[in-house]
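The values are calculated or read from the model by the stated rules, or taken from the named source; none is laboratory data. For clarity, every value in this text was computed on a predicted model and none was experimentally measured. Cβ atoms come from the backbone with ideal geometry, glycine included; neighbour counts cover every protein chain shown. Please note that ligands, DNA and RNA were not included when accessible areas were found on the heavy atoms of the full protein model with its side chains. Shrake-Rupley method; radii C 1.70, N 1.55, O 1.52, S 1.80 Å.
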Amino acid sequence: MGSARVQLQPAAKTLDEKIRTRQAKVGIVGLGYVGLPLAVEFAKAGFSVTGIDLSDSKTEQINAGDSYIGDIPNATLSPLVHGGKLKATADFSVVRDLDTVNICVPTPLRKTKDPDMSYIVSACGEIAKYLHPGMLIILESTTYPGTTDELVLPMLEQGGLKVGQDFFLCFSPERVDPGNPKYNTSNIPKVVGGTTPACSQMGRLFYSQALQNVVAVSSTQVAEMVKLLENTFRMINIGLANEIALMCDRMGINVWEVIEAAATKPFGFMPFYPGPGLGGHCIPIDPFYLSWKTKQAGIEARFIELAGYINGQMPHFVVDKIQNALNNHTKPVKGSHIHILGVAYKKDIDDVRESPALDIMLLLKRRGARITYSDPHVPSLELDGERLVSQDANADADCTVIVTNHSAFDYRKIAEHARLIVDTRNALKGITSDKIVRL
Ligand code: SAJ
């Protein structure tokens, strides 16, 4: 991105002025763990912010100053709402009075591992109806490189307005890490790239009003690719850690000790840890947006496919470990009571999306085991049509399996009470007992 300022057209001059004076009316589409914190940051910066979400319960809660996002306390949200800086609606027609709109809607994968762009298309279709000169539109949803310029741009230009002159279009990856005590929307560096240099410039100006560190890049494709590199990097390295675990298991080596010792290297190494599989709505999903797009360009993303395969095998590997551990106690899986500790996709959160615990429980149930679980963050869940309720961590079971190592568990007590334990997270590190089987 050149440093020379681009000569602004009249529409841009007006928008530039409105953003600098914080008179711009900001819109955020999608009020989830990305959109609501972003809305709050711009409201805190003095902008008038309108959140748009199709969920009436979300808009009602926000307009009551009642936050449903852990990282946004009511004490932060309520004064902004009652001070008239932040409101929420399901009515897209408000876009006609807005100057900027950030799109923060989900980008899931279909079962066929193809990108599901329906949320982006629906939001852009609504925005296009009310798009007017002097607007800045920024897509934040994680997606394949090319989405902004190939899919979003044509939808917005349909009404005759010209990007870079009449309106401005950027991509900026969301980097929100829910529950992270150190990094939040205001202090996580914000990458932004525009369809034209004037767009990039407008995007950088916009975020600079409310966020601490803005990183402007030269195009929307670069910005889209940045996010995919970040999360593909994680997914592949987790896959490597899992493959090393499979090797160590076969060779009778303690993989946790290996990684801990390797992590003493002060440079050139970054520890990742094996586990029961890959959960969440980012890491298992985002890389397949990249591999889907590269396939269209005739390039096989073999690292991604291989890591996806290895990570996908981990639930099966864990179930085999459980079966062997029971077998060594002359117990079949069939008819045994297996108690799962932790069903969220990672520690100390309540999100079960894509959680490997669900795969493990299903596989065991299909082998005839009786399944119970304990998770202080997940009071109940649906498994194969059956409703399960979280039990006491020390339920008397034939085998207790640590799948998600929440801090709230009393691991000493678990190690004392359980008859047989399979530990997939090294949560019982430092506790030796022949009733503990480690990954
Ligand atoms: N996992 C492992 N081994 C590891 C790390 C993670 O098995 O060494 C598993 C976790 O148990 C989980 C899955 O991988 O099931 C994903 O874990 P994650 O730590 O990557 O957490 P996420 O999915 O919440 O990822 C988010 C991402 N943030 C954004 O996309 C904005 C990711 O880029 C962050 O790096 C990550 O949070 C983080 O660091 O917490």
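Quick notes
- Pairing residues of the stretch 138-150 that are assigned by TED's automatic domain parsing to the domain that holds D286 with residues that are open to solvent by 10 Å² or more (accessible area, probe 1.4 Å) and away from the ligand (no atom under 16 Å from the Cβ), at Cβ distances under 7 Å and at least 6 apart in sequence or on separate chains, gives no pairs at all.
- Single match in E305, E300, E382 (criterion: over 16 Å from T424 (Cβ atoms), part of a helix (DSSP H, G or I) and either of a type outside the set (K, R) or touching a His at 6+ places or on another chain (Cβ under 6 Å) (or both)): E305
- Each residue in the stretch 340-355 was checked for being in contact with a His (Cβ under 8 Å, 6 or more places away or on another chain), of a type in the set (G, A, S) and either near the ligand (Cβ under 8 Å from one of its atoms) or not assigned by TED's automatic domain parsing to the domain that holds T400 (or both), and 0 pass.
Results for (1) in contact with a Phe, Trp or Tyr (Cβ under 6 Å, 6 or more places away or on another chain); (2) in the same structural domain as I285 (by TED's automatic domain parsing); (3) hydroxyl-bearing (S, T, Y), shown as yes or no for each residue.
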{"site": "V95", "(1), (2), (3)": "yes, no, no"}
{"site": "V105", "(1), (2), (3)": "yes, no, no"}
{"site": "Y130", "(1), (2), (3)": "no, no, yes"}
{"site": "M135", "(1), (2), (3)": "yes, no, no"}
{"site": "S172", "(1), (2), (3)": "no, no, yes"}
{"site": "T185", "(1), (2), (3)": "no, no, yes"}
{"site": "I188", "(1), (2), (3)": "no, no, no"}
{"site": "V191", "(1), (2), (3)": "no, no, no"}
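- Counted residues, the stretch 191-227 - those being farther than 23 Å from F47 by Cβ and within 16 Å of the ligand (Cβ to nearest atom): 4
- Qualifying residues in the stretch 203-224 (those that are assigned to a helix (DSSP H, G or I) and hydroxyl-bearing (S, T, Y)) - the one surrounded by the most Cβ atoms within 10 Å (Cβ to Cβ): T220
- Residues of the stretch 416-427 that turn out to be surrounded by 19 or more Cβ atoms within 10 Å (Cβ to Cβ) and over 26 Å from the mean Cα position of the chain (by Cα), as a count: 4
- In the stretch 75-109, the residues that are open to solvent by 60 Å² or more (accessible area, probe 1.4 Å) and of a type in the set (A, V, I, L, M): A75
- P274 vs. criteria of a type outside the set (D, E) and within 12 Å of the ligand (Cβ to nearest atom): yes
- Selected residue (only one of I127, I72 is touching a residue at least 60 places away in the same chain (Cβ under 8 Å), touching a helix residue (DSSP H, G or I) at 6+ places or on another chain (Cβ under 8 Å) and open to solvent by less than 60 Å² (accessible area, probe 1.4 Å)): I127
- Residue in the stretch 267-286 that is surrounded by 12 or more Cβ atoms within 10 Å (Cβ to Cβ), β-branched (V, I, T) and at negative phi present: yes
- Residue that is surrounded by the most Cβ atoms within 10 Å (Cβ to Cβ) [pool: residues in the stretch 385-410 that are outside any loop (DSSP other than H, G, I, E, B) and under 28 Å from the mean Cα position of the chain (by Cα)]: V401
- In the condition set (1) within 12 Å of the ligand (Cβ to nearest atom); (2) assigned to a helix (DSSP H, G or I); (3) surrounded by fewer than 21 Cβ atoms within 10 Å (Cβ to Cβ), N184 is compliant with all but (2).
- Residue, least open to solvent (accessible area, probe 1.4 Å), within the stretch 325-360, restricted to residues that are without any contact (Cβ under 8 Å) to a residue 40 or more places away in the chain and more than 30 Å from D71 (Cα to Cα): V333
- Residue in the stretch 299-312 that is surrounded by 12 or more Cβ atoms within 10 Å (Cβ to Cβ), within 13 Å of the ligand (Cβ to nearest atom) and among the acidic types (D, E) present: no
- Per the conditions (1) surrounded by fewer than 21 Cβ atoms within 10 Å (Cβ to Cβ); (2) in contact with a Leu (Cβ under 6 Å, 6 or more places away or on another chain), the sole criterion not satisfied by G430 is (2).
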